[in-house]
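Novice: My questions all concern the structure below.
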Amino acid sequence: MSDSRALAIEYLKQQRLLGGDSVILSDGLTVGPSDRDNTAPPAPEHTAAVPSDRPTVRASDALPPAGISFDPPSGDLFANDPIQRAASLEGIATLIAACRKCKLCDGRTNTVPGEGPANARLVVIGEGPGRTEDETGRPFVGRAGELLTKILEAIKLPREQVFICNIVKCRPPENRLPQYDEIAACLPFLYRQIELVKPKVILAMGGTAAQSLLSTKQSLGALRNQVHRFRGIPVIITYHPAALLRNPNWKRPTWDDVRIAARLLDS
Ligand code: URA
């Protein structure tokens, strides 16, 4: 089998892992249920021909153009700011647990500081905890979290190797969007987490994560497909997993975005 064919099959298997349809290649070979990893979602009943707009897989794909570069000043280590002085992710989590800087603290069951190794190469940022996250104190553990885990598996990154967190660390009531003052109160925690982890790449999922991290009002659609920078660290923007659950058509563009993040990780 040629290299390009093997690559195409690998790509299609990853699409399957993300919930895409089975595909029949020109010689009748189907990349579908029998090729799937056991953890993949159930296959749809039908098979579909490869759409002509399906991105071709080339190891040498050029990266998208540079986007926004946001470089907020970091705090002064010698100042009395406890967030800036926190020397570990556990230290930040302790400060978050005691935080009462915005009204979200009134409704929370648990704070959800984020989780993952301090030396993670990838930081994934979502919007804010939902019900299950609030109940458990862990990020992305509901249905959206299951999908995120699959997305990470598709680029061969076990979830345990990724630092996963949110823009706000307490659940907004009824899962409403976090408000401006809540985001502003919480961002210093995220900034310090990124400072401590020093990831190679950041993946911001959804409009709230993208706009808050890059301090912009541009839409998610406008922000995708560029390599932005946060304090010099490449930032890739993609759809939020919860949005993918509502609109499976966004799985393919998400996969394209995640592949870019994977390429940056490997570069
Ligand atoms: N949605 C998010 O943005 N974050 C979570 O942790 C869970 C769902």
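Novice: Can you tell me the order of 224-232, 141-149, 196-204 when each peptide is scored by its average per-residue count of other Cβ atoms within 10 angstrom, highest first? The partial results should precede the final answer.
Specialist: Working: 224-232: 17.2, 141-149: 19.6, 196-204: 21.6.
Put in order of decreasing packing, that is 196-204, 141-149, 224-232.
Novice: So for the pair ASN175, CYS105, with labels modelled 7 Å out along Cα→Cβ, what separation do we get in nm?
Specialist: Simple spin-label model gives 2.7 nm for this pair.
Novice: Another question about this same structure. Under a plain spin-label model, where a point goes 7 Å from the Cα along Cα-to-Cβ, how far apart in nm are THR136 and ALA66?
Specialist: The two pseudo-label positions are separated by 4.0 nm.
Novice: Multiply the residue separation of SER267 and LEU187 by 0.36 nm, subtract the distance between their alpha-carbon atoms, and state the gained length in nm to one decimal. Let's see the in-between values first.
Specialist: Working: separation 80, 0.36 × 80 = 28.80 nm, distance 2.86 nm.
Here the answer is 25.9 nm.
Novice: In nm, what is the difference between 0.36 nm times the number of residues separating ARG231 and ASN80 and their Cα-Cα distance? Can you show the working numbers first?
Specialist: Details: separation 151, 0.36 × 151 = 54.36 nm, distance 2.25 nm.
That pair, ARG231 and ASN80, stretches by 52.1 nm at full extension.
Novice: Also, I was wondering about something else. Any chance you could check the Cα centroid distance between the stretch 63-109 and the stretch 186-236 for me, in angstrom?
Specialist: 14 Å
Novice: Calculate one ³J(HN,Hα) per residue across the stretch 211-220 by plugging θ = phi - 60° into the Karplus curve 6.51 cos²θ - 1.76 cosθ + 1.60, and present them in order as whole Hz with x for glycine and proline.
Specialist: 5, 5, 5, 9, 6, 9, 9, 4, 6, 4
Novice: Could you give the nm distance between label points at ARG252 and ASN119, where each point is 7 Å from its Cα heading toward the beta carbon?
Specialist: If labels sit at ARG252 and ASN119, their model points lie 4.0 nm apart.
Novice: Report the number of Lys pairs in the stretch 114-242 whose alpha-carbons are under 22 Å apart, with separation of 8 or more residues or on distinct chains. Don't skip to the end; give the middle numbers.
Specialist: Working: LYS150/LYS200; LYS156/LYS198; LYS156/LYS200; LYS169/LYS198; LYS169/LYS217.
Lysine pairs satisfying the spacing and distance rule in the stretch 114-242 number 5.
Laboratory data are not the source of any read-out in this text; all were calculated from the coordinates shown. Predicted model only: the values in this text are computed from it and were never measured. Methodologically, a virtual Cβ is constructed for each residue, glycine included, from the backbone with ideal geometry; neighbour enumeration extends over all protein chains shown.
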